[in-house]
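The values are calculated or read from the model by the stated rules, or taken from the named source; none is laboratory data. Note that the structure is predicted; figures quoted are calculated from it, not measured. For neighbour counting, all protein chains shown are included, and Cβ atoms are generated from backbone atoms with ideal geometry for every residue, glycine included. Keep in mind that these areas ignore ligands, DNA and RNA; they rest on the heavy atoms of the full protein, side chains included. Shrake-Rupley method; radii C 1.70, N 1.55, O 1.52, S 1.80 Å.
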Amino acid sequence: MARGSSGIVAGLTAAALAAVCFLAYQASANAPDSVAAPSDKASGPTAAAPSAKPEPPKEPLAVPADSDAGTRVVYALKDRRVWIVDDNEKALRTFTVMPSSVNPLPGVYAVTSRSGSIKGSDGVPIEHVVRFANVGDVSVGFSAAQDNSMESPDPTMKTGGVRMKRADGNALWTFATVGVKVVVVP
């Protein structure tokens, strides 16, 4: 009985496929010339002016356009990503981060202080702390957990540590000395 039902299913599948192919052929054969054949000329409101050059597709890991200029660290809150940018607008490095429970408002900041290794406000031993903002009584800065973890912060605690992997923390530590610009974007 299983053998007969599989034959019926195969037959129905083949018939459905044939019907779809036939309908597709009919649709293409009866389509007006304006949609049946590709055109060299663009039409409609989305057509670009003849002198305009097409924009290259945006690279997903490109430095955000609205992130100021010059040597800086860019922190994108929504993307949970940091870029280290040189004075030629080249991203030297980009990496993901785990945001803290307290975030600074978008804007331009500067590195105010650094610590080699301390215990974070969540009790985790951290290193390469680079502070750049204060939100109320919470100091916000980048850091790496010494155990290389990037756990989500406890939402009931007010913490300002933006966590990253240790290798990324090393790179940021080398680049972001006191006074270096930090740009926070939405």
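Ellipsoid semi-axes for region 88-164, based on the Cα gyration tensor and the rule √(5λ), read 19, 16, 13 Å when sorted largest first. The portion of the accessible surface of region 114-182 made up by carbon and sulfur, rounded to a whole percent, is 50 (1.4 Å probe; DNA, RNA and ligands excluded).
Quick one: ranking Phe175, Phe132 by accessible area, 1.4 Å probe, largest first, what do you get?
Phe175, Phe132
Region 72-88 and region 120-186 have Cα centres spaced 14 Å apart. Placing Asp66, Asp168 in order of accessible area, with the largest value first and a 1.4 Å probe, yields Asp66, Asp168. Here's how it looks for Ile126: its modeled amide H is under 5 Å from those of Ile118, Lys119, Gly120, Gln146, which are all 5 or more places away or on a different chain. Please give the net charge around Val82, taking every other residue with its beta carbon less than 10 angstrom from that of Val82, where Lys and Arg add +1 and Asp and Glu add -1. That sum, taken over residues with Cβ under 10 Å, equals +1.
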